[in-house]
Structure formats: C-alpha cells, structure tokens
Amino acid sequence: MLILSVESSCDETAVAVTENGRRVLADAIDSQVALHAVYGGVVPELASRRHAEIIAPLAERALSDAGVTRADIDAVAVTAAPGLIGALLVGVNFAKSAALALGVPLIPVHHIRGHIAANYIAHPELEPPFVALAVSGGNTLLAEVRGYTDIRVLGSTRDDAAGECFDKSARVLGLPYPGGAQLEKLAQDGDPDKYPLPRAHVAGNPLDMSFSGLKTAVVNIVHGAEQRGEEIDRASLAAAVCRAVCDTLVPRAIEALEATGLDTLAVGGGVAANAHLRAALEKACEKKGAKLYIAPLSLCGDNAAMIGCQGYYEYLAGVRADLSLNAYATMDVDALRF
Ligand code: KG4
C-alpha cells in the first residue's frame, strides 16, 4: 500500500511516499531554518506562508523521487495535531484536496505518534509493546505503546518541552536558532559540574517532568553575570544544561520500563539527536538489560516519512477522516479526537 504523507506542523514542510508503513520511497523536506533564524525563533505567520508556497511542488518532487505517479497512491496521511495551527492547516487542506482529487482515503495522524513511528522505519524488527520516549521542540512524554495505535501516556512535561529548554538556553547563550544542536556542540569542551542547575520533580506522578525551572535558571545565570560584568563559561553552562536534561529524561525512561514490565525503549523526536542523551540512554539501558532503539539522526527531526509510517497503522486500525477534517494545536497522543 502506497501512502502519500504530509507534515507541516512547525517549520518543516515535508511530503513522503511510503510503502506498507516501513519502506520509504521518497522523503522530501523543505526546511525553513534560514527563514526564521533572523528572528531567533519560528514566526508562525511566515511558517504558514512558506508551507503554502512549497507544499504542492514538494509533493510533485516526492512522487518523482519515489518513481511513482499520482494514480499509484492508495491513501493520503497528514499531521493534523499538534502544532502551530496556521501551519497545520496548510498541510491538512492540501491533504484533503489530494485525497479528494485522487479518490483515496484520508488518514489524520498525531505528530508525536509519528515521532515514535520513525523507529519502525529505522528498525524493522521493532514491534509493540514497548516504552516510547518522545522528545521534541514542542512535546516531551513517555508512553506505553501497547499496539501501533494503542498508546497510553505514562508521564509528560507539565510545562516546557525539553527542546524548548534547549532552544531558549541556546538563545540566551547567543547561539543561533534552532539552538539545540548548536548547544550540544558548544557543550563539548565544557565542565557540566561548574554550574549547579535544578532537576525538577513533579508531585503526583514520578514520570512527569518540568523544564521551565531549568530554562529560567539558565536565563538567570546569564543575566546575573551580565549585570555583574562577569564572563560566563558558556561551554560549561551548555554542558550543565545537557546534563540536567539527561538527568531528567533518562531515569524516568528506566522507571517507565520498570513500571510497565517492558524491556524495550524506543526514542524519537528532534532532541533524540542529542549525543549526550543517546549515550546516557545507551548506558542506562545496558545496565538495565533493556533493548534500546533510537531514531537515526535523519528521522529525529520533523519529516513526512514518519507520518506515512504511522498513517499506515492508523489506516489498518480503521482511522479515517472526511473532508471536514480540522487541525488542532493541542491534542493528547492517547486521546485522538479528529
Ligand atoms: O522534532 P523536532 O524537529 O520538531 C518538533 O516536533 O518539535 O524537534 C526540534 C527540537 C528543537 O528544539 C531543536 O533545538 C531540538 O529538537 N534539537 C536538539 C538537537 N537537535 C535538534 N536538541 C538537543 N540536541 C540536539 N542535537
């Protein structure tokens, strides 16, 4: 089954062609990093406009890269939540038009389910059940993936996502947007013990997380030093941020394995590209005797292949949308309401 999939939830426009959920025939991506870099973050209006401009040519490119024609497409899948609403609406409307024109089913996909599904593409042997850690710019959560479409949230951030914490810390350290990868590079020569940063524990659910206090602590350290006319050891502060984020995510991931009795962890999302996190997860999973799957760097960031992959499993589960499909800025990963 060939699925044409569309992703436009933030600042990447992407269209892919996937076969039976696991094989990627084409994965066309137009990144808007350069467009937003000058503003130090994503400007939603500009993101929507660029999506509108590029999405149809990108779909043509995906079909051509895949070596298929429009007539070969069996279904259209699209990210319909969560994300920037104007950005999502561009993808949703394009997907509706495509499904109507091709006379094929339309499948709405939750973006975070896509990030988890990126692992199915990279690791053919991976099948539910497993524990998923999804860490991106807008979301951070741990979930029990009981089946491809049977997902239960175990814990999530109560405020900022880990990626947001990386991006804002990077910005205050003078790094260009998007800051996560730049901050990781800066951290290479730093001493993670030089600046004590908080690790939040959330009352009520030990698997819930909070990153806003960490973000504020970094901002306060930098601003305080500026006011006192002191130099900041930027590399060490960056290293301390990486360490603090890992200290929050890794023990909870292991605790989630213990709580569910599962022995497999799958990790996806933009922040999963972080080498400190990957190394810390590898070490912790090895110690626990758990299997670890992490999406390859090429599939960590936003892409449409992961949406086509999850879309296939949603299709098999009977998930369909009609032409009244809307986009939603927020939606729980375990309570779809398309
Ligand atoms: O998954 P993604 O592309 O978009 C969302 O769905 O949100 O994730 C983007 C996030 C940004 O916050 C970016 O700074 C972060 O992933 N990121 C990283 C790294 N590479 C990307 N954070 C830390 N270390 C990295 N190497």
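Sort out which residues of the range 110-140 are touching a Leu at 6+ places or on another chain (Cβ under 8 Å) and within 12 Å of the ligand (Cβ to nearest atom), and write them in order of number. Before the answer, list the steps.
To start, the set of residues in the range 110-140 that are touching a Leu at 6+ places or on another chain (Cβ under 8 Å) comprises 110, 112, 118-122, 129-135, 140.
Selection gives 110, 112, 118, 134, 135, 140.
Among 240, 187, which is the only one that is of a type in the set (A, V, I, L, M, F, W, C) and in contact with a Cys (Cβ under 6 Å, 6 or more places away or on another chain)?
The conditions single out 187.
Spot the failing condition for residue 296; the list is (1) in contact with a Pro (Cβ under 8 Å, 6 or more places away or on another chain); (2) farther than 22 Å from residue 144 by Cβ, and only one is missed.
Of (1) in contact with a Pro (Cβ under 8 Å, 6 or more places away or on another chain); (2) farther than 22 Å from residue 144 by Cβ, only one is false for residue 296: (1).
Within the range 1-38, how many residues are part of a helix (DSSP H, G or I) and of a type in the set (Lys, Arg)?
0
For the range 101-127, name all the residues that are in contact with a strand residue (DSSP E or B) (Cβ under 8 Å, 6 or more places away or on another chain) and not in a helix (DSSP H, G or I).
Answer for the range 101-127, where residues must be in contact with a strand residue (DSSP E or B) (Cβ under 8 Å, 6 or more places away or on another chain) and not in a helix (DSSP H, G or I): 104, 105, 106, 107, 108, 109, 110, 123, 126.
Do the conditions hold for residue 262, that is, is it touching a Cys at 6+ places or on another chain (Cβ under 6 Å), closer than 15 Å to residue 116 by Cβ and away from the ligand (no atom under 16 Å from the Cβ)? I'd like the intermediate steps shown before the answer.
On the way: touching a Cys at 6+ places or on another chain (Cβ under 6 Å): no; closer than 15 Å to residue 116 by Cβ: yes; away from the ligand (no atom under 16 Å from the Cβ): yes.
Judged against the criteria, residue 262 is not a match.
Residue by residue through the range 126-162, note down the ones that are of a type in the set (Ser, Thr, Tyr), over 17 Å from the mean Cα position of the chain (by Cα) and open to solvent by less than 40 Å² (accessible area, probe 1.4 Å).
Passing the criteria: none in range.
Just to be sure before I move on: is residue 203 free of Cβ contacts under 8 Å to residues at least 12 places away in the same chain, over 17 Å from residue 140 (Cβ atoms) and out of contact with any helix residue (DSSP H, G or I) (no Cβ under 8 Å at 6 or more places or on another chain) in the structure I sent?
Spelling it out, residue 203 is indeed free of Cβ contacts under 8 Å to residues at least 12 places away in the same chain, over 17 Å from residue 140 (Cβ atoms) and out of contact with any helix residue (DSSP H, G or I) (no Cβ under 8 Å at 6 or more places or on another chain).
Is it true that residue 107 is more than 16 Å from the ligand (Cβ to nearest atom) and buried (at least 24 other Cβ atoms within 10 Å of the Cβ)?
On the way: more than 16 Å from the ligand (Cβ to nearest atom): yes; buried (at least 24 other Cβ atoms within 10 Å of the Cβ): yes.
Judged against the criteria, residue 107 is a match.
Going by what's in this entry, would residue 318 be described as more than 16 Å from the ligand (Cβ to nearest atom), in contact (Cβ under 8 Å) with a residue 12 or more places away in the chain and open to solvent by less than 60 Å² (accessible area, probe 1.4 Å)?
no
Does at least one position in the range 177-189 carry a residue that is within 19 Å of residue 244 (Cα to Cα) and either part of a strand (DSSP E or B) or assigned by TED's automatic domain parsing to the domain that holds residue 24 (or both)?
Looking for residues that are within 19 Å of residue 244 (Cα to Cα) and either part of a strand (DSSP E or B) or assigned by TED's automatic domain parsing to the domain that holds residue 24 (or both), one finds none in the range 177-189, hence no.
Among the numbered conditions (1) open to solvent by 60 Å² or more (accessible area, probe 1.4 Å); (2) assigned to a strand (DSSP E or B), tell me where residue 57 comes up short.
Unmet for residue 57, out of (1) open to solvent by 60 Å² or more (accessible area, probe 1.4 Å); (2) assigned to a strand (DSSP E or B): (2).
Quickly run through the range 219-257 and pick out the residues that are of a type in the set (Val, Ile, Thr) and within 25 Å of the chain's Cα centre (by Cα).
Within the range 219-257, 219, 241, 245, 248, 250, 254 qualify.
Does any residue of the range 165-177 turn out to be open to solvent by 70 Å² or more (accessible area, probe 1.4 Å), within 21 Å of residue 141 (Cβ to Cβ) and not charged (D, E, K, R)?
No, the range 165-177 contains no residue that is open to solvent by 70 Å² or more (accessible area, probe 1.4 Å), within 21 Å of residue 141 (Cβ to Cβ) and not charged (D, E, K, R).
Okay, residues lined up against (1) crowded, with 19+ Cβ neighbours inside 10 Å; (2) closer than 16 Å to residue 188 by Cβ; (3) more than 16 Å from the ligand (Cβ to nearest atom):
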| position | (1), (2), (3) |
| --- | --- |
| 231 | no, no, yes |
| 238 | yes, yes, no |
| 247 | no, no, no |
| 258 | no, no, yes |
| 268 | yes, no, no |
| 276 | no, yes, no |
| 279 | no, yes, no |
| 284 | yes, no, yes |
| 291 | no, no, yes |
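The values are calculated or read from the model by the stated rules, or taken from the named source; none is laboratory data. The shown structure was predicted, so the numbers you read here are calculated from the model rather than taken from an experiment. Quick reminder, even Gly has a Cβ in these numbers, built from the backbone with ideal geometry, and neighbours come from all protein chains shown. Accessible surface is based on the protein model in full, side chains and every heavy atom, while ligands, DNA and RNA are left aside. Shrake-Rupley method; radii C 1.70, N 1.55, O 1.52, S 1.80 Å.
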